[in-house]
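The structure appears right after this line, and notes come after that.
The values are calculated or read from the model by the stated rules, or taken from the named source; none is laboratory data. A quick note: this is a predicted structure, and the numbers were derived from the prediction, not measured. Methodologically, a virtual Cβ is constructed for each residue, glycine included, from the backbone with ideal geometry; neighbour enumeration extends over all protein chains shown. Note: areas computed on protein heavy atoms with side chains; ligands, DNA, RNA excluded. Shrake-Rupley method; radii C 1.70, N 1.55, O 1.52, S 1.80 Å.
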2 protein chains.
Amino acid sequence: MAAKTTLKDLAKMLDVSISTVSKALNDSPEISLPTRIKIKELAASCNYVPNNIAQSLKSKSTKTIGVIIPSILIEFFNKVLYGIEAEATKRGYKIIICLSNETFKKEQESIDTFINGSVDGIILSVAEETQKTNQISHFQKSLNYSLPMVMFDRVLDDIDCDKVTVDDLEGAYKATKFLSKTAGQNILFLNTLSGISVGRLREQGYKKAMANLKRTPIVLNLENYKAIEKGLGSVLKEQKIEAILAADEYSALLAMNVARLNGFSIPDDISVIGFTNGLISEYAMPSLTVVSQHAENIGSLAVDRLINRIEKKSTPDAIHDVVKTKIIERNSTKKIKK
Amino acid sequence: MAAKTTLKDLAKMLDVSISTVSKALNDSPEISLPTRIKIKELAASCNYVPNNIAQSLKSKSTKTIGVIIPSILIEFFNKVLYGIEAEATKRGYKIIICLSNETFKKEQESIDTFINGSVDGIILSVAEETQKTNQISHFQKSLNYSLPMVMFDRVLDDIDCDKVTVDDLEGAYKATKFLSKTAGQNILFLNTLSGISVGRLREQGYKKAMANLKRTPIVLNLENYKAIEKGLGSVLKEQKIEAILAADEYSALLAMNVARLNGFSIPDDISVIGFTNGLISEYAMPSLTVVSQHAENIGSLAVDRLINRIEKKSTPDAIHDVVKTKIIERNSTKKIKK
DNA sequence: TTGAAAGCGCTAACAG
DNA sequence: CTGTTAGCGCTTTCAA
């Protein structure tokens, strides 16, 4: 079974025209039932499969969605991807994935590979470098090519497209309030994401809550994980800290470890909350209380928005969905006092 | 900028033929330099991008690889994916990902979406259900369509295609030996993957090492994580266990937790080694000693094999690469005695 | 009810 | 050096 069977082959074998075969296989009422059956049987016995590429060229629709994520090693994105894949499959779309690895260059290249007609629309979360340097020309370009696009989680204000974000500000606000009620008001915010939109929003939410509590915020902007060990360690020695809110999951775990190394116990001396509800939080010891972002919902919502846009079911104006967060209580925080 | 610019458009604007434009843009020496430049300038100013679909139809090559993985929430697969993406990108290929979610049905559907010409080859790891029920017709089918295919990690003996697997047997053997030297010879094997090939191989390796040590193996086949808490807990109460080898990372962490709940300390009373080197092992407390499978290498190797096959650079016979494992020592095991 | 023909956007053999 | 033509596999209008 070397070359694939085509309509032409089938037509020749039955001595009918190509268009008859095409119509028959597509159940066109134009074709009489007997010939329709005959053609279908032959097609089946030849394992005929319509060539998707040719169909796409004709229909100008690929039924595939391009997805660009900054990293495949961050569980949040995988959960979103999971939601994207499930929803896309349900609606008859495939997904093609590119990784930007947080760089502008790869993000731009990915956009370029999508612009050439291989996808019907794009879902993406902006790379860290792009957000920091605020380079937006490549997005502008894909919009110019009238390729529908939806951004999730890490978005750019300057780009006018559908967006799905997390209510990070409110999430941090709620978490801070939660900590103040269960642990005390000496709450530190550990920000490993100050360069990107979500990090800034989380910081704002924290500060808002602290202002509300009439406390001065204590923010630690530490870019890499090694800096946390040093930076956080020395703060813990100097001031009384009763709770830590971390901008991501890994730094929350690290914070727990650093606190313990400094002789504090979790959650009795210090409570810890992290962002993102990943497996790692569940399996940590103690398990980590987190602000969950409903990653899967974000994925499916993004797909919904995009497909509506592709199929022209959306309003002309860009839609910005904001998904609420939820605190998932585990053992790194004290229980709420009744 | 509504409709995309095509060769036809450019040709009309300059009043030349379509093929001249095509050749000029492809830097054909057939076209004189001045016209070549003129055409290129126009193309650039019109933001011309060649239509990939049309090119694919013509060339019968899509420069994309289809990838089917059982789950995107298992870090091992993400690391492999990372390797796949990097290598594929390097070699000018895109990847399109389908998730089988461990089910035969979704795996079969994914194969079907790939068969219709949208990819040049397939890389996959077999779904758990498929391995358990040993259904192989869909793989046979894609092979019949002469779609190159390479299987990684979870493979099927009955399918004749290139394969990249981990030397799981040797990895478990090495780990068991390591434990016997550092912790003692009362070693338990916790198998959560007995239904799939890798789980069986790891068990064999463990048993081989135990036989070598002249000890009776203690194997705990526990399908789900909840069963571990009960099952492992009662064994720890009844017998003297000095070390635990777990078939995956999560059960290793759980084993640590269960051991501690039963009053044992890690690694002083019980040493623990898990399979797979994920972030979760690094961030655990204590950090977990693991058998690393070089996931990224597996990914890039699989891509290499596949592209060679696609581009007909391979020998006719199927190639089976076996990647060696490496023990990464952390704090859940005692140091080797000098 | 069936078929011929055009065309999606591109490439390439062949003519001029 | 440039253009004509055919064709990749499919859909679809229009004619028979």
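The residue that is farthest from A:Glu249 (Cα to Cα), counting only those in the stretch B:263-303 that are open to solvent by 40 Å² or more (accessible area, probe 1.4 Å) and more than 14 Å from chain A (Cβ to nearest Cβ), is B:Leu301. Of all residues in the stretch B:230-249, those being under 15 Å from B:Val272 (Cβ atoms) and open to solvent by 30 Å² or more (accessible area, probe 1.4 Å) number 1.
For B:Ile68, the stated conditions hold: it is more than 8 Å from chain A (Cβ to nearest Cβ) and more than 16 Å from DNA strand D (Cβ to nearest atom).
Among the conditions (1) over 19 Å from the mean Cα position of the chain (by Cα); (2) away from chain A (no Cβ under 14 Å), B:Tyr145 misses just one, which is (2). Considering the stretch B:1-59, the qualifying helices (runs of 4 or more DSSP H), each wholly inside and each with 3 or more residues that are open to solvent by less than 60 Å² (accessible area, probe 1.4 Å), within 14 Å of chain A (Cβ to nearest Cβ) and touching a Gly at 6+ places or on another chain (Cβ under 9 Å), run over B:52-59. In the stretch B:305-327, of all residues being in contact (Cβ under 8 Å) with a residue 12 or more places away in the chain and β-branched (Val, Ile, Thr), the one that is surrounded by the most Cβ atoms within 10 Å (Cβ to Cβ) corresponds to B:Thr325.
For A:Ser194, the conditions (1) hydroxyl-bearing (Ser, Thr, Tyr); (2) in contact (Cβ under 8 Å) with a residue 60 or more places away in the chain; (3) open to solvent by 10 Å² or more (accessible area, probe 1.4 Å) all hold with the exception of (2).
Of all residues in the stretch B:300-316, one or more are within 22 Å of the chain's Cα centre (by Cα) and assigned to a loop (DSSP other than H, G, I, E, B). Residues that are near DNA strand C (Cβ under 8 Å from one of its atoms), β-branched (Val, Ile, Thr) and either closer than 8 Å to B:Asp120 by Cα or touching a residue at least 40 places away in the same chain (Cβ under 8 Å) (or both) within the stretch B:47-66 comprise just one, B:Val49. Quick one: what pairs do we get from the stretch B:16-43, first residue within 10 Å of DNA strand C (Cβ to nearest atom), second among the aromatic types (Phe, Trp, Tyr), C-beta under 8 Å, 6+ apart or different chains? From the stretch B:16-43, the pairs are B:Leu25/B:Tyr48. Counting only helices (runs of 4 or more DSSP H) wholly contained in the stretch B:66-145, the ones carrying 1 or more residues that are open to solvent by 10 Å² or more (accessible area, probe 1.4 Å) and touching a Lys or Arg at 6+ places or on another chain (Cβ under 9 Å) occupy B:75-90, B:104-115, B:128-133.
Here's the yes/no breakdown for (1) within 10 Å of chain B (Cβ to nearest Cβ); (2) hydrophobic (A, V, I, L, M, F, W, C):
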{"residue": "A:Ile97", "(1), (2)": "yes, yes"}
{"residue": "A:Glu102", "(1), (2)": "no, no"}
{"residue": "A:Glu109", "(1), (2)": "yes, no"}
{"residue": "A:Thr113", "(1), (2)": "yes, no"}
{"residue": "A:Asn134", "(1), (2)": "no, no"}
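Quick check on the stretch B:222-246: of everything there that is under 26 Å from the mean Cα position of the chain (by Cα) and at pLDDT 95 or above, which residue is farthest from the other protein chains (Cβ to nearest Cβ)? For the stretch B:222-246, the residue satisfying everything is B:Leu245.
For B:Ile327, are the conditions met, namely being assigned to a strand (DSSP E or B) and more than 14 Å from every other protein chain (Cβ to nearest Cβ)? The answer is yes for B:Ile327.
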